[in-house]
Amino acid sequence: DKGNHRHFMAKEIYEQPEVISHTFGHYLDLAAETVTLPELPFDPKTVTNISITACGTALYAGAVAEYWFERFGRVPVSTDIASEFRYRETPLTPDGITIVISQSGETADTLASLRYAKECGQKVVAVVNVPTSTIAREADVVLPILAGPEIGVASTKAFTCQLATLACLAVAFGRAKGVLEEADEHKLVRAFMEVPRLMTEALKLSPEIEVLARTLAKARDVLYLGRGSNYPLALEGALKLKEISYIHAEGYAGGELKHGPIALIDEKMPVVVIAPHDRIFDKTVSNMEEVAARGGRIILVTDPLGAAAVDVGAVQKLILPEMPSTVCPMVYSIPVQLIAYHTAVIMGTDVDQPRNLAKSVTVE
Ligand code: F6R
């Protein structure tokens, strides 16, 4: 049932404030302002490294979480594509853990990666949406994301609920390792509790995005840029646009622009810049100046401070409320998803069932 929406994807985008509040409700003690996880089969305090592996959108959720585990837990993380991880024979030792992330819980390469990590003697945490799935059954501990059934082939609410779950796990690591103090935990939990409201605000950008999408729909290629934990969101934005609008898109870390992709910039290639006003914002401003100097059109997804600080060439701004940087990848997902959605609707593609794609990839 699509409710009042034209597509399941739209329904699932709009559901996010509600479903993510369930996810947080499950992993947070709202009164105590603490994270509450199920019992873990390892002591986070003694974990020396984390491998994260998954495919597609779930991989990008893992890539965002890498920043959180390293910042909150000071624990080294390596994030890798499951189809590479499973065959790379990377040496895994039992003092490390592996986290696999999968909406369906049936993705062949992710399952094989889980089995490889277990063979190496590691405990495996599965972050899944389908609790009865093979990956959930075989993992040492399951953290359900509680997004509810996701029908649209392009993943939306599963992505943000994966982020919410991983953020809670990262805070738990930070506390166990003594990197985060009790007061830091309270502050982060309060920030998480604001996410549903911030997402509701972000959804109000939809009409503006619909207008922008008319120009995007004419593009042959689109570049997405982000830095820090918003870099994986640039990858996710590009993936989403490719999947449902069939427009070629690429995501890059802002700092990589001058190492190659800048050669592509001209007035025909829109650049979507995902940049809240954070400690690396100034670096992103230089990227935008480089793009503007070559006639590139910019769509800047930012906050009021970021919008006020940018005064270059042709920039269209999508302005979100101010928020703590940890929650940015969750909230900024909304405009990123809406950009892909509205562009695809204008192109007239089959948004919920894009060509050549399957919801669950159970073969290699
Ligand atoms: C993107 C998308 C795919 C999946 C990938 C992993 O919108 O849907 O990239 O994210 O196939 O699937 P799961 O999460 O089921 O393992």
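The values are calculated or read from the model by the stated rules, or taken from the named source; none is laboratory data. Here the structure is a predicted model, which means the values were calculated and not measured. All Cβ positions, even for glycine, are placed from backbone atoms using ideal geometry, and neighbour counts span all protein chains on display. Accessible surface is based on the protein model in full, side chains and every heavy atom, while ligands, DNA and RNA are left aside. Shrake-Rupley method; radii C 1.70, N 1.55, O 1.52, S 1.80 Å.
How far, in nm, would the chain grow between residue 314 and residue 204 when pulled straight, counting 0.36 nm per residue and subtracting the alpha carbon separation? Walk me through the numbers on the way to the answer.
Details: separation 110, 0.36 × 110 = 39.60 nm, distance 2.30 nm.
Difference between extended and current length: 37.3 nm.
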Open item on the list: Modelling each spin label as a point 7 Å along the Cα-to-Cβ direction, I'd like the residue 355/residue 193 distance in nm, to one decimal.
Closed with: 5.0
TODO: Once you've got the GNM for the chain with C-alpha springs shorter than 10 Å, pick whichever of 329, 44, 321 has the biggest mean-square fluctuation.
DONE: 321
- [ ] Could you check which residue among 98, 36, 57 shows the biggest mean-square fluctuation in a GNM of the chain with a 10 Å Cα cutoff?
- [x] 36
Open item on the list: Along the Cα→Cβ direction, 7 angstrom out, place labels at residue 362 and residue 74. What is the inter-label distance in nm?
Closed with: 4.6
TODO: Give me the accessible area of residue 186, 1.4 Å probe, in Å² rounded to the nearest 10.
DONE: 40
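Once whole DSSP H runs in the chain are found, which of them have Cα atoms spread over 27 Å or more along the helix axis and a mean Kyte-Doolittle score of at least 0.5?
Membrane-span-like by this criterion, though nothing is claimed about a membrane: 157-176, 328-347.
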Open item on the list: For the full complex of protein chains and a 1.4 angstrom probe, list 268, 118 by accessible area with the highest value first.
Closed with: 268, 118
Task: Entries in 157/204; 177/283; 118/242; 240/268; 11/359 that, when Cα-Cα distance is taken, lie over 28 Å - done: 177/283; 118/242
- [ ] Considering only 245, 333, 325, give the residue with the highest GNM mean-square fluctuation for the chain, with springs between Cα atoms whenever their separation is below 10 Å.
- [x] 325
TODO: Residues in the stretch 213-229, backbone N under 20 Å from the label point at residue 2 (7 Å along the Cα-to-beta-carbon vector): list them, ranges by number please.
DONE: 213-214
- [ ] Calculate how many DSSP beta bridges within the chain are antiparallel, expressed in % of all such bridges and rounded to the nearest 5.
- [x] 5
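Can you give the extra length, in nm with one decimal, that the chain gains between residue 248 and residue 46 once fully stretched, where that is 0.36 nm per residue apart less the Cα-Cα distance? Don't skip to the answer; put the middle values down first.
On the way: separation 202, 0.36 × 202 = 72.72 nm, distance 4.37 nm.
Value of the extension gain: 68.4 nm.
With a 1.4 Å probe and all protein chains left in place, how much of the accessible area of the stretch 179-266 comes from carbon and sulfur atoms, in whole percent? Each step should come with its number before you reach the end.
Working: 1980 of 3800 Å².
The value for the stretch 179-266 is 52 percent carbon and sulfur by accessible area.
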Open item on the list: Testing the spin-label approximation: label points 7 Å from Cα along Cα→Cβ at residue 119 and residue 256. State their distance in nm.
Closed with: 3.0
Open item on the list: Suppose accessible area is computed on protein heavy atoms with a 1.4 Å probe; arrange 34, 200 from highest to lowest.
Closed with: 200, 34
Open item on the list: Per residue, how large is the accessible surface of the chain? Use a 1.4 angstrom probe and give square angstrom.
Closed with: 40
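Which order do 15, 364, 250, 84 take when ranked by solvent-accessible area (1.4 Å probe, heavy atoms of all protein chains), largest first?
On the way: 15 35, 364 140, 250 65, 84 95 Å².
Largest accessible area first, the residues go 364, 84, 250, 15.
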Task: In Å², nearest 10: area of residue 193 left accessible to a 1.4 Å probe - done: 80
- [ ] Ignoring everything but the protein chains, give the 1.4 Å probe accessible area of residue 192 in square angstrom, nearest 10.
- [x] 0
